[in-house]
Amino acid sequence: MSAPRARFYDGVTAQVHLADIRATASELVIYRAVDSVVLARWPIADVFVLGDIEHERVPAAVCKGSDARLVADDLELRRQLAQLIPHLTGLVAPPAPAGGRIAAFSTALVALLGVFWFAVDYGSEFAAPLLPSSLQAKLGESVYDEITADKEECHGKAGLAAINGLANRLARAAGYDQPITVHVIAGGPVNAFTLPGGILVFFSDLIDQAKDSSQVAGVLAHEIGHAVHYHPTKGLVRQFGIDLMLKLVSGGYSDVVGTLGTGGSVLLALRNGRAFEREADATGVSLLEKLEIRADGIASFFEQMMEKESTDMAAAAGIWSSHPPTAERIAATKRLPVGRPAFTEAEWRALRNVCK
């Protein structure tokens with residue numbers, strides 16, 4: 001029979017032939033439409049449909065042992081071929097609904113991200129303590145240099161010896177066998193934070209505004225809680241795991257070294273979540289009590305901060321806050337003012353003058 005026009009690729013040259021098709025009982029005859037020159041004779045038993053018949057608009061027909069392809073653009077021609085040659089019904093198979101494919105892809109992607117997130121979130125809990133201490137210390141030092149490059153460090157030897165001595169006693173009481181190093185930075189804010197490798201940073205405004213040594217000891221014990229539970233390292237591992245996940249999804253490139261070199265990104269990664277803050281609060285109080293040191297300083301420091309801020313910012317932020325509500329933290333760390341002082345009078349005086 002004479003068939004509508006199709007396209008024939010001989011598999012040898014790049015030329016495209018406009019072709020007609022004639023089917024017999026045993027073969028498919030493909031001939032050039034303009035002059036009826038036979039281009040190919042395909043045994044019907046050797047003809048099959050090539051490609052994704054569910055998703056391609058016009059799948060190609062091919063012959064076993066040949067690189068040639070036949071593309072019948074006309075739907076009616078494809079129907080006739082499918083009727084004459086039953087194993088070519090794929091030429092007229094209806095395309096799969098796009099909605100189903102999208103839903104299946106979306107479900108698979110969400111499942112993959114869920115598995116990746118589980119691995120990042122829980123894997124960091126186990127991976128962080130296993131990192132060599134020298135690597136954690138090197139990481140902490142590089143971050144410290146980055147975020148304090150434009151700040152003035154205080155060098156009062158007696159004051160630094162006092163706060164570092166207490167820090168290391170608290171760490172040893174927790175079973176943390178790596179050295180703790182406390183740096184004091186001149187000025188504000190009234191804050192302190194912990195970096196990987198047991199590096200603690202205190203701002204002198206916090207020491208200056210403390211009502212007594214127990215408050216500084218309370219904040220110090222809280223930061224030691226972060227150090228002994230490897231919270232900073234866990235935060236970095238988690239943050240860069242999330243960064244990698246986002247880059248994989250977006251097809252981007254994850255430059256961990258470049259990220260480490262950006263102070264803002266590092267500080268974001270080092271932000272502790274509520275669970276870390278609660279754990280550090282509980283650990284800090286427990287360590288002070290274990291050493292029979294006054295443990296009421298954590299709660300009294302929070303109370304002092306509440307006096308200066310009429311609104312509990314953490315409570316106001318709700319689920320978006322990285323810290324538990326301050327009132328909750330006060331209630332959890334409230335202790336009687338009993339125990340020996342954290343510092344001698346001479347040590348406390350030296351710490352108050354560490355920047356002078």
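A few notes on this one:
- For segment 6-92, convex hull volume per residue from C-alpha positions, Å³: 89 Å³
- Centre separation in Å (Cα based) which lies between segment 25-45 and segment 128-156: 77 Å
- Length available on full extension from Leu130 to Ile102: 0.36 nm per residue minus the Cα-Cα distance, which gives 6.0 nm.
- In this structure, the pairs whose alpha-carbon distance is over 21 Å, taken from Lys157/Lys290; Lys234/Lys334; Lys211/Lys290; Lys234/Lys308; Lys211/Lys308, are Lys157/Lys290; Lys234/Lys334; Lys211/Lys290; Lys234/Lys308.
- Scanning residues 5 or more positions from Leu50 or on other chains, those with amide H under 5 Å from its amide H are Ala60, Ala61, Val62, with H placed 1.01 Å from N in the peptide plane.
- In nm, spacing of pseudo-spin labels at Ala60 and Gln83 (7 Å Cα→C-beta vector): 2.8 nm
- Glu289-Glu152 FRET efficiency (beta carbon distance; Förster radius 41 Å; 0.05 resolution): 0.70
- Spin-label pair Ala45/Asn191, simplified geometry with 7 Å Cα→Cβ offset, distance in nm: 8.1 nm
- One chain, two ends: Ala327 and Ala346. Fully extended at 0.36 nm per residue, the span grows by 3.5 nm beyond their Cα-Cα distance.
- Note on Val29 and Glu309: with the Förster distance fixed at 51 Å, the Cβ-Cβ geometry gives a FRET efficiency of about 0.05.
- Exposure proxy order (Cβ contacts within 10 Å, fewest to most) of Arg41, Arg238: Arg41, Arg238
- By the count of neighbouring beta-carbon atoms within 10 Å, fewest first, Glu277, Glu152 end up ordered Glu152, Glu277.
- Taking other Cβ atoms within 10 Å as a rough exposure proxy, Glu345, Glu328 sort from fewest to most as Glu345, Glu328.
- Between Lys138 and Val12, the modelled label-to-label distance comes to 6.3 nm, taking each label 7 Å out from Cα in the direction of the beta carbon.
Computed from the coordinates by the stated procedures, all read-outs in this text should not be read as laboratory data. Predicted, not measured: the structure shown is a model, and the values here were computed from it. Every residue, glycine as well, gets a Cβ built from its backbone with ideal geometry; the counts of neighbours run over all protein chains shown.
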